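First the structure, in the form of structure tokens, and then the observations on it.
The values are calculated or read from the model by the stated rules, or taken from the named source; none is laboratory data. Only a predicted model underlies this, so the values are computations on that prediction, with no experimental measurement involved. Heads up, the Cβs are rebuilt from the backbone with ideal geometry, glycines too, and the neighbour counts pull from every protein chain shown. SASA here: full protein model, heavy atoms, side chains in, ligands and nucleic acids out. Shrake-Rupley method; radii C 1.70, N 1.55, O 1.52, S 1.80 Å.
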Amino acid sequence: MPRKPEPLEPWMLEAINLIVRRILTLRQAAQQLGVDVTPQQADNIQGRVRFQDALEEARLKYYAEIGGNPRLTKDAVVGQLFVLAQRLTADGEDAKAADALLKLAKVQNWTSGEDYKDKPVYANLTQADIDRIRAELRAKQEAVQNHATEETA
């Protein structure tokens, strides 16, 4: 008969929050909480299903908290992407910085080609398209006039 899993100790739950929020290892989190854990003990604890479930639950809760923050806006994401790109550039990681800037450009929707905000709708039409649309419009106008003429007669 399988044995009942041991519940997590209170310090482990606190350690899980530190792991999630500060991106620490279990040993680092335990050390900050004043608990002495050997590497073997840390591996054993991290291998527990209950620990993994609690860790995943804490991560999801933290991500939901971040995602629900009203200050998390497109501008905040753009600013962080730009700062990260600057750091990569300062570290000599030019290719990675270029990738970060490309991602920033996509978030800003700068990669769609020309900026069509100030362009008229017909800017991409050929003369044949314009002639076809004119003919359709004339046909509709004539149909409306014929219909109006029939109603008055």
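Answer yes or no: is there a residue in the range 6-21 that is touching a residue at least 40 places away in the same chain (Cβ under 8 Å), in contact with a Lys or Arg (Cβ under 9 Å, 6 or more places away or on another chain), open to solvent by 60 Å² or more (accessible area, probe 1.4 Å) and in a loop (DSSP other than H, G, I, E, B). Yes, the conditions are met somewhere in the range 6-21.
Among the residues of the range 45-63, which ones are of a type in the set (S, T, Y) and either within 16 Å of A30 (Cα to Cα) or open to solvent by less than 90 Å² (accessible area, probe 1.4 Å) (or both)? Correct list: Y62 only. Taken as a whole, the structure leaves G67 outside the set of residues that are exposed (fewer than 10 other Cβ atoms within 10 Å of the Cβ), small (G, A, S) and modelled with pLDDT under 90.
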